[in-house]
1. Kindly list the number of the only condition in (1) open to solvent by 20 Å² or more (accessible area, probe 1.4 Å); (2) within 17 Å of D329 (Cα to Cα); (3) assigned to a helix (DSSP H, G or I) that fails for R123.
2. Every residue in the range 270-285 that is over 12 Å from T232 (Cβ atoms) and open to solvent by less than 10 Å² (accessible area, probe 1.4 Å), please.
3. Could we say that R203 is out of contact with any Pro (no Cβ under 7 Å at 6 or more places or on another chain), surrounded by fewer than 19 Cβ atoms within 10 Å (Cβ to Cβ), modelled with pLDDT of 95 or more and within 30 Å of M270 (Cβ to Cβ) here?
4. Taking the stated definitions as given, is T250 among the hydroxyl-bearing types (S, T, Y) and touching a Lys or Arg at 6+ places or on another chain (Cβ under 7 Å)?
5. What number goes with the only condition from (1) open to solvent by 50 Å² or more (accessible area, probe 1.4 Å); (2) touching a residue at least 40 places away in the same chain (Cβ under 8 Å); (3) farther than 17 Å from V99 by Cβ; (4) not in a loop (DSSP other than H, G, I, E, B) that K311 does not pass?
6. Please go through the range 179-193 and give me each residue that is buried (at least 18 other Cβ atoms within 10 Å of the Cβ) and either within 33 Å of the chain's Cα centre (by Cα) or not in a helix (DSSP H, G or I) (or both), ordered by number.
7. I'm trying to understand the selection: among the residues of the range 139-172, which are of a type in the set (S, T, N, Q) and either farther than 13 Å from Q326 by Cβ or open to solvent by less than 40 Å² (accessible area, probe 1.4 Å) (or both)?
8. Say we look at the range 210-233 and pick out the residues that are assigned to a loop (DSSP other than H, G, I, E, B) and more than 22 Å from T182 (Cα to Cα); which of these is most open to solvent (accessible area, probe 1.4 Å)?
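The values are calculated or read from the model by the stated rules, or taken from the named source; none is laboratory data. The model shown is predicted, which means the values in this text are computed figures rather than measured ones. Here the Cβ is made from the backbone with ideal geometry for all residues, glycine too, and neighbour counts use every protein chain on show. Side chains included, ligands, DNA and RNA excluded: accessible areas come from the protein's heavy atoms. Shrake-Rupley method; radii C 1.70, N 1.55, O 1.52, S 1.80 Å.
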Amino acid sequence: MKSAKNTARQSAEAATPAKTAAAKATNAKNAMSSENAEKVTPTKPVAKKTVAKKTVSKKAVAKKAVAAKGVSGKAVPAGAVAGKAAPEPPRNESHTALVRRARRINRELAEVYPYAHPELDFRNPFQLVVATVLSAQTTDLRVNQTTPALFAKYPTPEDLAEANPEEVEEILRPTGFFRAKTKSVIGLSRSLRDDFGGEVPGRLEDLVKLPGVGRKTAFVVLGNAFGRPGITVDTHFQRLVRRWRWTGETDPDKIEAAVGGLFPKSDWTMLSHHVIFHGRRICHARKPACGACPIAPLCPAYGEGETDPEKAAKLLKYEKGGFPGQRLDPPQAYLDAGGIPAPPLGTG
């Protein structure tokens, strides 16, 4: 009997370590589960915070959408404010639909820029043709700052035709490529004196015969000095009409023909001013101010530039951004609209 009890006691003692180990394992497992539960539990509040943050963000965007206004005083499209793509014209847009969209864009721009004008200072056709030739590869502002001295010394074609090239070069130096430009303006002045009685001709076929004068320059002169319709296909015009998908052409003459076919001839001159004004002030080459653009719903290139209204507003130039324009002597309508004259050469 005693032996049997001893055997049972020994068996129990032998089993105790196993139970203890099992208990420890169970406790450890429970502890790990509890620890993991503590780590996982905080994720629920985090999710709630994230949701709350998103809700605030939506409210902020909605508030910004209500407050935002376009440069023309109209509300910026909701898509523009929210950073979403504005309505895009159909890929297979018919010619009739294209004409309607193009003309609507021009009407919208006419409301935004009712004071649009050529941004070269001039008082007569001679000054305009010379200034336009000088505007190649430089800004209108730089030309306007340079021509006062030129026209003060050489007021007529006859005067400039007899000018000393070195003296003219020195005046035109700030415009860049001053030697080539000197040759052109003296050459066209001699042609005006010898072939046209000292007067600028009012026909395209005559204007393009003058040294340094191509179709673009000729249409600037015809449209703004003689009141004869013409499309000015400069770099701004080329860039914008392609962005708007009015044409896919890259050759200036083909662009002129394609865009001219979308509008009545009587609109051509002011259309050019509207497009060029928009290209200089809002629809820039490198970073268009899409979020401040009044024609965003009509533009298939919306989103290429900054779409946030506040950031886009900081990209606006000239009178839209509160800065001086390009003309030293701008039209009164421009001044009435809040435009500021540019400073003379050497003062700013």
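1. Of the numbered conditions (1) open to solvent by 20 Å² or more (accessible area, probe 1.4 Å); (2) within 17 Å of D329 (Cα to Cα); (3) assigned to a helix (DSSP H, G or I), the odd one out for R123 is (3).
2. Matches in the range 270-285: H278, R281, I282.
3. Details: out of contact with any Pro (no Cβ under 7 Å at 6 or more places or on another chain): yes; surrounded by fewer than 19 Cβ atoms within 10 Å (Cβ to Cβ): yes; modelled with pLDDT of 95 or more: yes; within 30 Å of M270 (Cβ to Cβ): yes.
Criteria met by R203.
4. Values: among the hydroxyl-bearing types (S, T, Y): yes; touching a Lys or Arg at 6+ places or on another chain (Cβ under 7 Å): no.
Answer is no for this residue.
5. Unmet for K311, out of (1) open to solvent by 50 Å² or more (accessible area, probe 1.4 Å); (2) touching a residue at least 40 places away in the same chain (Cβ under 8 Å); (3) farther than 17 Å from V99 by Cβ; (4) not in a loop (DSSP other than H, G, I, E, B): (2).
6. K181, T182, S184, V185, listed by residue number.
7. We begin by selecting, within the range 139-172, every residue of a type in the set (S, T, N, Q); these are 139, 144-147, 156, 164.
Listed by number, the residues that qualify are N144, Q145, T146, T147, T156, N164.
8. Our first condition is that a residue be assigned to a loop (DSSP other than H, G, I, E, B); within the range 210-233, this holds for 210-214, 226-233.
If we keep only those that are more than 22 Å from T182 (Cα to Cα) as well, we get 226-233.
Values: F226: 72, G227: 63, R228: 111, P229: 49, G230: 2, I231: 4, T232: 15, V233: 13 Å².
Among them, the one singled out is R228.
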